[in-house]
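Beneath this line is the structure, given in structure tokens, with notes to follow.
The values are calculated or read from the model by the stated rules, or taken from the named source; none is laboratory data. This structure is a prediction, so every number in the text was calculated from the model and none was measured. Using ideal geometry, Cβ is built from the backbone for each residue, glycine included, and neighbour counts are taken over all protein chains shown.
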Amino acid sequence: MMGGPALMPTEELVRRTLHEKGVEIRYFVDTKTGNPSLPDFSLRVDGWKKSDSRASAALCFPIAPHGTSPVDMRELVHGFGQGDPPGPALTQEVLERHYFTIEPRVIVQPFLALAQVSREALAVLLGDWQVYEPMGISNDGAIDMVEHVLFRMVFAAIRDLSESRTVPDESVVREARVSGVSNLAQRHGPPLLEIVLKDNSIIGYNAGFDTSHLFYQGEDDGPEDVAEVMRNPEDCWVEVWWDCQPPSYGDQSLEGRIGYSFDDSGILKRLLLESEALGTKVDRPPMFKQAAWLGDMILNAWTTSALLARMTSERTNKLAPIRDKLVSNESLAVIGRAFGLKVNPKTQSTAGEEAMRAAETGMLGDSVEALIGAAYMDGGLKAAHRVVWRIMMRPLEAVAPVGTPLDFYEGKSANLRDLIDVKFE
């Protein structure tokens, strides 16, 4: 490889370099839940919950040398500020989650991947640079201290990859793509640089700098501004995100059938367990109810928009009955059964077969909505829309092929249910 390093850098080298430079990862930790205030929901205890900033402690975690356990790092973790103790937020769970999950994901693996695909990026990492000391801690600034280094490494890797267009076989990287990629990842638009690891994880890098970085043009051009420009001369910004490869349509798992891989598999597992638990629509657990409510709102909005785009009549008031049938419990129950969702309705022993069927239908409808809501909790609106599109396109096409006039349904509402009952192969 023309642009590749002669000796393959290792995780040990990356960790040692960052540790010796004094790099820390800084963020707020919720003192009640232990949740870090990071934008990546999968790094939290309950990913879909936001941290309470009123009960948060600012913690600074030095990079751990290779082979060092979280327990060994306990005495080095400190609060933000001179000598501030970490306080009650530093529990064993917080330590382990940081050093086993957050640190590799936020800094170590993104640095290692760049260093392994680019000799020039490795030279930047091993070069003469100092950590950038931010004035405070932002909610999403876990890479603030090394953002300027990562910025240079990203563009160094792009230069090398533009010449070689290959990655070394012995690296952790399977493929690297420079811009121009048509959103193979699910939760983000095409990045400036996208690196696919051999375990099919995707790291996306976006980077740039502010055109107004000439500090002396601003109103505040005091010593602090001069110091900031000297430490971080590019006044740069970098965004790093992780994603999963979308499942193939031949994948018969639930994620394969809905066309979406959960980044936090715990959300999906919890939802399926709560869906199958013995109960009624009323006594579903709080997380399940919240996911179902979210999914209901997203499903209604998406279906309304899709119908407007497909139907040719201007009488939009006629769309409501069609949409209501598409998103009814009866229709969603058909979809839920097709995708293998299970419920266990609790009814009176004297209830007849019809009552049991009605209870099952209502609970299955909620489970489909909760599946959509869970995708939103995991990956945001784009992820939820991906799931809705996958599960609703066949019913939508059966009921409302593109260009269908609304007059077609005059007096035919009885047949609409039959059209919705499509088969998912």
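Only residues that are modelled with pLDDT of 80 or more and either assigned to a loop (DSSP other than H, G, I, E, B) or under 17 Å from the mean Cα position of the chain (by Cα) (or both): list them for segment 35-73, please.
Asn35, Pro36, Ser37, Leu38, Ile63, Ala64, Pro65, His66, Gly67, Thr68, Ser69
Mind listing whichever residues of segment 321-343 are of a type in the set (A, V, I, L, M, F, W, C) and either in contact with a helix residue (DSSP H, G or I) (Cβ under 7 Å, 6 or more places away or on another chain) or part of a loop (DSSP other than H, G, I, E, B) (or both)?
Answer for segment 321-343, where residues must be of a type in the set (A, V, I, L, M, F, W, C) and either in contact with a helix residue (DSSP H, G or I) (Cβ under 7 Å, 6 or more places away or on another chain) or part of a loop (DSSP other than H, G, I, E, B) (or both): Ile322, Leu326, Val327, Leu332, Ala333, Val334, Ile335, Phe339, Leu341, Val343.
Quick check: is even one residue across segment 285-308 assigned to a helix (DSSP H, G or I), more than 14 Å from Trp389 (Cα to Cα) and in contact with a strand residue (DSSP E or B) (Cβ under 8 Å, 6 or more places away or on another chain)?
Taking every residue of segment 285-308 in turn, none turns out to be assigned to a helix (DSSP H, G or I), more than 14 Å from Trp389 (Cα to Cα) and in contact with a strand residue (DSSP E or B) (Cβ under 8 Å, 6 or more places away or on another chain).
Got a sec? Which of Val229, Val173, Val196 is hydrophobic (A, V, I, L, M, F, W, C), surrounded by 15 or more Cβ atoms within 10 Å (Cβ to Cβ), at pLDDT 75 or above and more than 23 Å from Ala383 (Cβ to Cβ)?
Residue meeting the stated conditions: Val173.
Could you tell me which of the residues Val29, Val14 is modelled with pLDDT of 80 or more and either within 23 Å of Val172 (Cα to Cα) or in a helix (DSSP H, G or I) (or both)?
None of the other options fit; the residue is Val14.
Of everything in segment 123-158, what is outside any loop (DSSP other than H, G, I, E, B) and over 28 Å from the mean Cα position of the chain (by Cα)? Give them in sequence order.
Listed by number, the residues that qualify are Ala123, Val124.
Could you please give the count of residues in segment 314-339 that are modelled with pLDDT of 85 or more and among the hydroxyl-bearing types (Ser, Thr, Tyr)?
The total comes to 2.
Kindly evaluate Val334 against the criterion of being in contact (Cβ under 8 Å) with a residue 40 or more places away in the chain, surrounded by 16 or more Cβ atoms within 10 Å (Cβ to Cβ) and more than 19 Å from Asp263 (Cα to Cα).
Taking the combined requirement at face value, the residue satisfies it.
With respect to Leu364, is the statement that it is at pLDDT below 65 and either within 36 Å of the chain's Cα centre (by Cα) or part of a helix (DSSP H, G or I) (or both) true?
no
In contact with a Gly (Cβ under 8 Å, 6 or more places away or on another chain) and modelled with pLDDT under 95 - does that describe any residue in segment 98-116?
no
Suppose we filter Ser248, Ser265 for residues that are modelled with pLDDT of 80 or more, among the polar types (S, T, N, Q) and on the phi < 0 side of the Ramachandran plot; which single one remains? Break it down stepwise before answering.
On the way: Ser248 fails: modelled with pLDDT of 80 or more.
Residue meeting the stated conditions: Ser265.
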